[in-house]
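To start, the structure under review is shown below, and the notes come after it.
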Amino acid sequence: MSTIEIQHEAGYTGFVSEEHHHDYAGDTLLGFWIYIMSDCILFATLFATYAVLSGSFAGGLTPADLFDLNFVAVETGLLLFSSFTFGMAMLGAQQKNMTQLLLWLGITFALGGGFLSMELYEFYHFSHEGAGPTSSAYWSAFYALVGTHGLHVFAGMFWMVILVIHILKDGITAENHTRLSCLSLFWHFLDIIWICVFSMVYLMGVM
Amino acid sequence: MATQTHGGAAHGSVKEYVWGLIWSIVLTAIPFALVMSGSFSNGLTLAIILLCAIAQVFVQLVFFLHMNGDSDQLWNTTSGVFIVLIVAIVVLGSIWIMQHLNHNMLMGH
């Protein structure tokens, strides 16, 4: 095969093997977006499992016995607000404003931590009342679905810490900006999953 | 042509994020208030919960993820639509099949 000279344009999106410190942010983000779409399928299977098992209590406790909507409303508020604060952090990153970025990212981390603590307390409380993961098919599905979401939130917070270390070390470089954009996608995606969780699990559970 | 900083990552503004927050609070408050007060019938409440949830997913996609019809978002949107289809098949299909199975197995006689 003859060698063909290819003229790369500014937005060339082919496979890049030789260039250093040159992140085609668009490609990385599209790749990460496709990962998130695959995560969607993971959650879809968990939601389907939950829906199928949603009436199988084995004579035990039902969600209407245990769910406290005021508690869930606060949890939801924390997560929805953290989506907003992450957006503000992204604006800080775009303006290369380190203080704004770290401040809003810190608030996002705190809100995520608050959400996760409340969720863990809830799990502890439910298990204590006699609705542990092994008590019925319903509660197995509940812990699998809500727990997987919680695990994702934890992963997001862990990622946030690592990224802040990167940013403190190198500043808001193109690479760090791409990483931050990926984390932003991830965080907003978790918010979207939580909307489905509070609608399908909590609100429909107490009806 | 998408530029290096643009492809797949549109930028937001403070105004956009504030609107996104306001919409998501409204669309969360409505279903919570309805279920807590229990003032409507179950069917109507269920329909409103679903509508608010779908609306809020779109609010999140538009205001926070900046999805739109731009050409540099084409692949994101295409893969998104594809996954929505797959998710619908998985979730609705599972519920449909399992309900029919329960029906045919005469569980609980």
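Based on what the data block shows, is B:Ile86 more than 7 Å from every other protein chain (Cβ to nearest Cβ), part of a helix (DSSP H, G or I), surrounded by fewer than 18 Cβ atoms within 10 Å (Cβ to Cβ) and not acidic (Asp, Glu)?
Answer is no for this residue.
Sort out which residues of segment A:59-115 are of a type in the set (Val, Ile, Thr) and within 28 Å of A:Asp170 (Cα to Cα), and write them in order of number.
Listed by number, the residues that qualify are A:Thr85, A:Thr99, A:Ile107, A:Thr108.
In contact (Cβ under 8 Å) with a residue 40 or more places away in the chain and not aliphatic (A, V, I, L, M): is that true of A:Gly55 in this structure?
Against the criterion (in contact (Cβ under 8 Å) with a residue 40 or more places away in the chain and not aliphatic (A, V, I, L, M)), A:Gly55 qualifies.
Out of curiosity, is A:Gly114 in contact with a Pro (Cβ under 9 Å, 6 or more places away or on another chain) and either in contact (Cβ under 8 Å) with a residue 24 or more places away in the chain or within 19 Å of A:Phe189 (Cβ to Cβ) (or both)?
Taking the combined requirement at face value, the residue does not satisfy it.
Quick check: anything in segment A:102-119 within 19 Å of A:Tyr50 (Cα to Cα) and part of a helix (DSSP H, G or I)?
yes
What number of residues within segment B:47-70 satisfy the criterion of being more than 15 Å from the chain's Cα centre (by Cα) and without any contact (Cβ under 8 Å) to a residue 24 or more places away in the chain?
Number satisfying all stated conditions: 1.
Filter segment B:11-47 down to the residues that are at the interface with another protein chain (Cβ under 7 Å from one of its Cβ atoms) and not in a helix (DSSP H, G or I) and list them by number.
Once the filter is applied, which keeps residues that are at the interface with another protein chain (Cβ under 7 Å from one of its Cβ atoms) and not in a helix (DSSP H, G or I), segment B:11-47 yields B:His11, B:Gly12.
Would segment A:70-89 turn up any residue that is facing chain B (nearest Cβ under 10 Å) and not in a helix (DSSP H, G or I)?
no
Let's see how each residue does on (1) within 14 Å of chain B (Cβ to nearest Cβ); (2) charged (D, E, K, R); (3) closer than 30 Å to B:Ile95 by Cα:
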| position | (1), (2), (3) |
| --- | --- |
| A:Pro133 | no, no, yes |
| A:Val146 | no, no, yes |
| A:Val161 | no, no, no |
| A:Ile167 | no, no, no |
| A:Thr173 | yes, no, no |
| A:Leu180 | yes, no, no |
| A:Ile192 | yes, no, yes |
| A:Ser199 | yes, no, yes |
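Mind checking whether some residue in segment A:130-140 is modelled with pLDDT of 95 or more, under 30 Å from A:Thr99 (Cβ atoms) and assigned to a helix (DSSP H, G or I)?
no
Pairs under 9 Å by beta carbon, first residue within 12 Å of A:Lys96 (Cα to Cα) in segment A:162-184, partner among the β-branched types (Val, Ile, Thr) and in a helix (DSSP H, G or I), six or more apart or different chains?
A:Thr173/A:Ile167; A:Asn176/A:Ile167
The values are calculated or read from the model by the stated rules, or taken from the named source; none is laboratory data. This one's a predicted model, so the numbers in the text were calculated from it and none came from an experiment. So basically every Cβ, Gly included, is an ideal-geometry build from the backbone, and we count neighbours across all protein chains shown.
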